[in-house]
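Worksheet: one structure, shown below.
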Amino acid sequence: MWMRLIPTLFLTGAFIGLSGCGTPYHETVRADARSRVDAFNAQLSYDQAEKAFSVGRFDTALRQINDALERFPDAPEYHVLQGRIYLETHRLEEAIESFMGALEVNEEYAEALYFAGIVFQRWSDDESAYEKYQKAYELEPSNVQYLLASAESLVALGELNAARELVTEKLSYFEYNSALRHLLGQIEMLEDRPQEAVEYLTQARLMKPDDLFLLEELAWAQYLAGQYSPSYDSLQHLQLRLPEPRTDLMHLEARCLAMMERNNDARNLYLKLSKLKPEDVEIWVELGAIAWDLGDYRRVAQSGMRATSIAPDRHEGFMLRGVYEQQKGNLDEARKMFEKASQRAEGNALPYILLGNLLEDVGDYKGAQAAYAAAQQAEPTNPDAQLLWQQIRERQLTVAEP
């Protein structure tokens, strides 16, 4: 633009100098020359503002773009840059005024619509954000950023099917775009469909193999889909690329090992976690379960004591302590622990089942039957509770028949 304007300015100036002044025609020529100079200087200020903005010098950028707008207010891109500066400095009211100013100049300026959508999104006005994003996308359907913003707004509004349809119909057009598949994977996770999520997230990762956040989401999806070995591999790969190991990812690794029946490895990792996060009750409960499966009753007792100390309102610690006391032959103490666990086990049949087993072992069949009935009431779909109650009921009837 500069190279086009400079010869014109020289020619216009020469013409004015030769022709004299004072006539309406000459006034028009001078006004036209001034507007060209203003446009040229405004463009200079805009370019300088862009450079300052790109390196984070927001005060300088704002001064330059204000100067550009003062000289030439009819360029929508100037208003947009001003709004972006306000957006970066968290001045949302000024930002929306700038973007709306751009739309007053050109109501179909897609970039202004897109950034206005960002402001509405930050205000949690998802409906207005979607309206702006969608209009920007309609104006520029080849812009994948506008498509993603529209779909993400639909997700925020809870319109998951609409978001999925909007994205899937453009997958072949944006064949090598990772972000679209990433978003589809997130939608499937929100709809509790981890198998489908794994497919999309795997595709996304093939296109963007260095995205660690994407790799982490894939590991979680694989775990929830029951793909424990691939999830463990993803976690191992992720941990190697992080500056230092993360305990939440170590915890997920331990769960994968347990589900893969690598109990010794799982126990070792849980022991490490129990030292790193000694106040995390979930770690102690899961360590106790692994130790119980391995017959490591010393760890069972330790886990039960720590769990009841950290979370006395939860049932798992008392249940583990009951298992330990029963194995040691302290049946009265075991019964007390199972009863305490049952009192805290809302919606969980296992403490009642363990109590019923203990009562059955000591010959208290009526008490065992009541425990199994309570187990069914706590968890009506539990097949073990139903089977045990049915077996002891039949046994009671058989005993009563003679």
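Name the one entry in Glu152, Glu216, Glu196, Glu191 that is closer than 21 Å to Arg255 by Cβ, touching a helix residue (DSSP H, G or I) at 6+ places or on another chain (Cβ under 9 Å) and modelled with pLDDT of 95 or more. Result of the check over Glu152, Glu216, Glu196, Glu191: Glu216.
Scanning the stretch 133-177 for residues that are in a loop (DSSP other than H, G, I, E, B) and hydroxyl-bearing (Ser, Thr, Tyr) gives Ser142, Ser172, Tyr173, Tyr176.
So that you can scan it fast, the table gives a plain yes or no per residue for (1) acidic (Asp, Glu); (2) closer than 19 Å to Glu346 by Cα; (3) in contact with an Asp or Glu (Cβ under 9 Å, 6 or more places away or on another chain):
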| site | (1), (2), (3) |
| --- | --- |
| Lys277 | no, no, no |
| Asp280 | yes, no, no |
| Val285 | no, yes, yes |
| Ile290 | no, no, yes |
| Tyr324 | no, no, no |
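Within the stretch 332-354, residues that are at positive phi have Cβ atoms under 7 Å from residues that are aliphatic (A, V, I, L, M) in these pairs: Gly347/Ala378, counting only partners at least 6 apart in sequence or on another chain. Mind counting the residues in the stretch 107-125 that are part of a helix (DSSP H, G or I), under 23 Å from the mean Cα position of the chain (by Cα) and either hydroxyl-bearing (Ser, Thr, Tyr) or surrounded by 15 or more Cβ atoms within 10 Å (Cβ to Cβ) (or both)? Summing the residues that are part of a helix (DSSP H, G or I), under 23 Å from the mean Cα position of the chain (by Cα) and either hydroxyl-bearing (Ser, Thr, Tyr) or surrounded by 15 or more Cβ atoms within 10 Å (Cβ to Cβ) (or both) in the stretch 107-125 gives 7. Return yes when Lys336 is surrounded by fewer than 24 Cβ atoms within 10 Å (Cβ to Cβ), out of contact with any Leu (no Cβ under 6 Å at 6 or more places or on another chain) and at pLDDT below 95 and no when it is not. So Lys336 fails the test. Among the residues of the stretch 183-196, some residue qualifies, meaning at least one is among the small types (Gly, Ala, Ser) and under 26 Å from Val155 (Cβ atoms).
Output the residue which, of all residues in the stretch 197-236 that are in a helix (DSSP H, G or I) and acidic (Asp, Glu), is nearest to the chain's Cα centre (by Cα). Checking each candidate, the answer is Glu217.
Residues in the stretch 385-401 that are closer than 22 Å to Leu350 by Cβ and at pLDDT below 75: Arg395 only.
Table: residues versus (1) surrounded by 21 or more Cβ atoms within 10 Å (Cβ to Cβ); (2) in contact with a Gly (Cβ under 6 Å, 6 or more places away or on another chain); (3) without any contact (Cβ under 8 Å) to a residue 24 or more places away in the chain; (4) among the hydroxyl-bearing types (Ser, Thr, Tyr).
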| position | (1), (2), (3), (4) |
| --- | --- |
| Asp210 | no, no, yes, no |
| Phe213 | no, no, yes, no |
| Gln227 | no, no, no, no |
| Leu235 | yes, no, yes, no |
| Asn264 | no, no, no, no |
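Scan the stretch 216-248 for residues that are out of contact with any Pro (no Cβ under 9 Å at 6 or more places or on another chain) and over 25 Å from Lys275 (Cα atoms) and the total you get is 3.
Note on the stretch 187-196: among residues that are within 15 Å of Arg164 (Cβ to Cβ) and within 16 Å of the chain's Cα centre (by Cα), the one that is surrounded by the most Cβ atoms within 10 Å (Cβ to Cβ) is Ile187.
Scanning the stretch 126-144 for residues being hydrophobic (A, V, I, L, M, F, W, C) and under 24 Å from the mean Cα position of the chain (by Cα) gives a total of 2.
The values are calculated or read from the model by the stated rules, or taken from the named source; none is laboratory data. All figures in this text were calculated on a predicted structure; none of them were measured in a lab. Here the Cβ is made from the backbone with ideal geometry for all residues, glycine too, and neighbour counts use every protein chain on show.
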